[in-house]
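One structure is given below, encoded as structure tokens.
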Amino acid sequence: MALPLSVAAESVKVTISAADCQLLQPYTPESGQDPAYKPGVDVEGNAVAPADLGGGSQFELPESFTFPLEVTPFPDSAFSSSAIRLGEVRVDEDGTAYWNGDPLTDRDRQLVAKECLENSK
């Protein structure tokens with residue numbers, strides 16, 4: 001599915017898979033379910049063992065992940081190894097996402113989710 005995206009006064013087409021669109025849809029709990037995290041309890045309210053059995057992990061995640069967002073404009077041509085860099089995405093450990101240093105807002109997510117929903121009908 002392709003969505004229009006304005007970048008530096010240019011129109012760029014961004015493709016998002018149907019599976020990724022599904023992830024963007026708002027959560028609607030079933031009757032009686034609470035989406036809030038509760039330590040030691042599963043989604044049905046049953047007690048569960050702590051996640052750090054056996055001493056836990058010594059692996060520490062970085063404070064943020066940064067990666068370039070690139071597009072290969074001619075994937076099936078002699079220029080298939082060429083890419084256009086659209087910008088940089090950074091995701092902080094608290095889940096905040098940034099596009100070229102500017103935070104993505106809930107409104108950004110809602111607009112993409114709305115387009116996904118409308119284009120999947």
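The values are calculated or read from the model by the stated rules, or taken from the named source; none is laboratory data. Not measured: the values here are computed from a predicted model. We place every Cβ from the backbone using ideal geometry, glycine too, and count neighbours over all the protein chains shown. Note: areas computed on protein heavy atoms with side chains; ligands, DNA, RNA excluded. Shrake-Rupley method; radii C 1.70, N 1.55, O 1.52, S 1.80 Å.
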Does LEU117 qualify as being within 25 Å of GLU63 (Cβ to Cβ) and open to solvent by 80 Å² or more (accessible area, probe 1.4 Å)?
no
If you scan segment 81-110, which residues turn out to be assigned to a helix (DSSP H, G or I) and open to solvent by less than 80 Å² (accessible area, probe 1.4 Å)?
ASP108
Scan segment 47-55 and give yes if some residue there is at pLDDT below 80, of a type in the set (Asp, Glu) and touching a Phe, Trp or Tyr at 6+ places or on another chain (Cβ under 9 Å), otherwise no.
no
Using the structure shown, decide if PHE67 is at pLDDT 70 or above and open to solvent by 100 Å² or more (accessible area, probe 1.4 Å).
no
